[in-house]
Amino acid sequence: MAAGDGNRVWFPEMIETLRSEWNEAMSFPALIELCDVLDGMFQRRRPRGPILPPGSRCPECGRVVGSESQQRHSISVRATILSLGRFGIASPEVTKLTEKEWAKYRTEHRLDLYGHRTTSTGEPMGKESICAHATPGE
């Protein structure tokens, strides 16, 4: 991984995929699928530790996993929408309108930040935690 890439979220190939795949007529389910693709690209580029359920002890460092700050970083739908404006893919007006429509759609369909269903208590379903330490050899 190149210097500085550890803090980068939007890699060039992700921006190009967003630029080529997004369009104004895209439905929110299709946008969620695009976010999943972008998140997969992001996760392949970022090092991460072992996936552990909250309250588990990491076999590498012995830390107890459980706080939200120790979860892996992911590309949210809103981050994707805001990136449309950030990278000049959509006008500021379209970006703002899409962001407002997403907020409404998300509420109506009980979705989390990533476009996935939440439980009746509002907790995301299937959320995983990882240990925040760097894996050996990096």
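Take the residues of the stretch 89-115 that are outside any helix (DSSP H, G or I) and farther than 16 Å from residue 27 by Cβ: which is most open to solvent (accessible area, probe 1.4 Å)?
Filtering first and then ranking leaves 110.
Residues 34, 18: which one is at pLDDT 95 or above and under 17 Å from residue 111 (Cβ atoms)?
Exactly one of 34, 18 is at pLDDT 95 or above and under 17 Å from residue 111 (Cβ atoms), namely 34.
Determine whether residue 48 is outside any loop (DSSP other than H, G, I, E, B), modelled with pLDDT under 85 and either farther than 23 Å from residue 25 by Cα or open to solvent by less than 60 Å² (accessible area, probe 1.4 Å) (or both).
So residue 48 fails the test.
Any residue in the stretch 81-97 that is under 14 Å from residue 10 (Cα atoms) sitting within a Cβ distance under 6 Å of a residue that is β-branched (Val, Ile, Thr)? List the pairs, counting only those 6 or more apart or interchain.
Taking only residues 6 or more apart or on different chains, the pairs are 81/98; 84/95; 85/95; 87/15.
Out of the residues in the stretch 69-88 meeting the condition of being open to solvent by 50 Å² or more (accessible area, probe 1.4 Å), in contact with a Ser or Thr (Cβ under 9 Å, 6 or more places away or on another chain) and in a loop (DSSP other than H, G, I, E, B), tell me which one is modelled with the highest pLDDT.
Only one residue fits best here, namely 72.
The values are calculated or read from the model by the stated rules, or taken from the named source; none is laboratory data. Values in this document were obtained by computation on a predicted structure and should not be read as measured data. As a convention, Cβ positions derive from the backbone with ideal geometry for all residues, glycine included, and neighbour counts pool all protein chains shown. Accessible surface is based on the protein model in full, side chains and every heavy atom, while ligands, DNA and RNA are left aside. Shrake-Rupley method; radii C 1.70, N 1.55, O 1.52, S 1.80 Å.
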